[in-house]
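Since the structure comes first, as structure tokens, the remarks are kept for the end.
The values are calculated or read from the model by the stated rules, or taken from the named source; none is laboratory data. Because the structure is a prediction, the values reported are computed rather than measured. In this analysis, Cβ positions are derived from the backbone assuming ideal geometry, glycine residues included, and neighbour counts consider all displayed protein chains. For the accessible areas, the whole protein counts, side chains as well, though only heavy atoms, and no ligand, DNA or RNA atoms are used. Shrake-Rupley method; radii C 1.70, N 1.55, O 1.52, S 1.80 Å.
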Amino acid sequence: MAPSTETTLKKSDSFTSENRNGRNFHFGIREHAMGSALVGMSLTKGIKPFGATFLMFSEYMRPPIRLAAIMKISPIFVYTHDSIGLGEDGTTHQPIEQLISLRSIPNITVIRPADANETAHAWRVAIEKKDGPTVLVFTRQGLPILDQDKYGKASQLEQGAYILSDAEGTPDVILMATGSEVALIMDAQAKLVEEGIKVRVVSMPSWELFEKQDAAYKEKVFPKTVKKRLAVEMASPLGWHKYVTDEGDILAMETFGESAPAEELYKYFGFTVDNVVNKAKALLK
């Protein structure tokens, strides 16, 4: 799937029967076989393999993903086209339950970066990990690059969640998201601030990495005194309840997607700035 996932090693040749020095393997659209080959390659010292396909097709790779986690080896599984933003490809290709399904596998690290800077650090984390597989999840849509001089540093991705943009003083509400939805809640923060509401934005690319942090860091990101929280992710809401508290809310997908241009789907399912703003304000009433 390299032409669609943009994962070809451009400075390397293809591995063939005539060229054993090539580093690009043509698995074909065979996700189960690709995952199994990655597991085998991971058992060879000095090799750090990755394979890429659409997030929806992680379903076909589930046995080798699970084996990699059980064996505590560290292939990198790259999944793109990660949400209803896939648009015209329709319901069959739009992942809903796949993120929480992958997160539920023991000994796995799932990372869904918000922009190019977070992506670079996600790759670093994945390459350095030696005791289990890493799943990198990417959107199909182009995303704005978050200003590293103005907002939280993307290097904090290794902590799983970090304060991307903070309020002056104690926040009234915390907005949290992963991947492409981070840009959405950043825009919502700007509107809420205009109305005098103090908003903290948390980018949360990896639950697993965040859970490894100590209690002091977790309290810093999510103070127990701030219980008005809204999580935004274009996937199943399962699992987010732990982070939003019983006074928070979740904007997620409760149904399968539909076939339409991405912008129409965002509006139809409520992934708009105005809807995020309204949901945050509703928490404060």
Give me the pairs: first residue in the range 210-229 and at positive phi, second residue among the β-branched types (Val, Ile, Thr) and open to solvent by less than 30 Å² (accessible area, probe 1.4 Å), beta-carbon distance under 9 Å, and six or more apart or on different chains, which are they?
-> none
Any idea which residue in the range 77-107 is least open to solvent (accessible area, probe 1.4 Å), counting only those that are of a type in the set (Asp, Glu) and over 17 Å from the mean Cα position of the chain (by Cα)?
-> ASP89
Can you give me the number of residues within the range 218-246 that are outside any loop (DSSP other than H, G, I, E, B) and within 28 Å of GLN98 (Cβ to Cβ)?
-> 10
Could you say which residue among GLN148, GLN156 is polar (S, T, N, Q), open to solvent by 10 Å² or more (accessible area, probe 1.4 Å) and under 17 Å from the mean Cα position of the chain (by Cα)?
-> GLN156
Single residue of SER180, SER165, SER206 found to be within 28 Å of ALA262 (Cα to Cα), among the hydroxyl-bearing types (Ser, Thr, Tyr) and out of contact with any strand residue (DSSP E or B) (no Cβ under 6 Å at 6 or more places or on another chain) = SER180
Yes or no: VAL193 among the aliphatic types (A, V, I, L, M), more than 14 Å from VAL277 (Cβ to Cβ) and either part of a helix (DSSP H, G or I) or open to solvent by 50 Å² or more (accessible area, probe 1.4 Å) (or both)?
-> no
Hey, among the residues in the range 12-62 that are among the acidic types (Asp, Glu) and open to solvent by 20 Å² or more (accessible area, probe 1.4 Å), which one's farthest from SER74 (Cα to Cα)?
-> GLU18
Please go through the range 85-116 and pick out each residue that is of a type in the set (Val, Ile, Thr), in contact (Cβ under 8 Å) with a residue 40 or more places away in the chain and in a helix (DSSP H, G or I).
-> THR91, ILE100
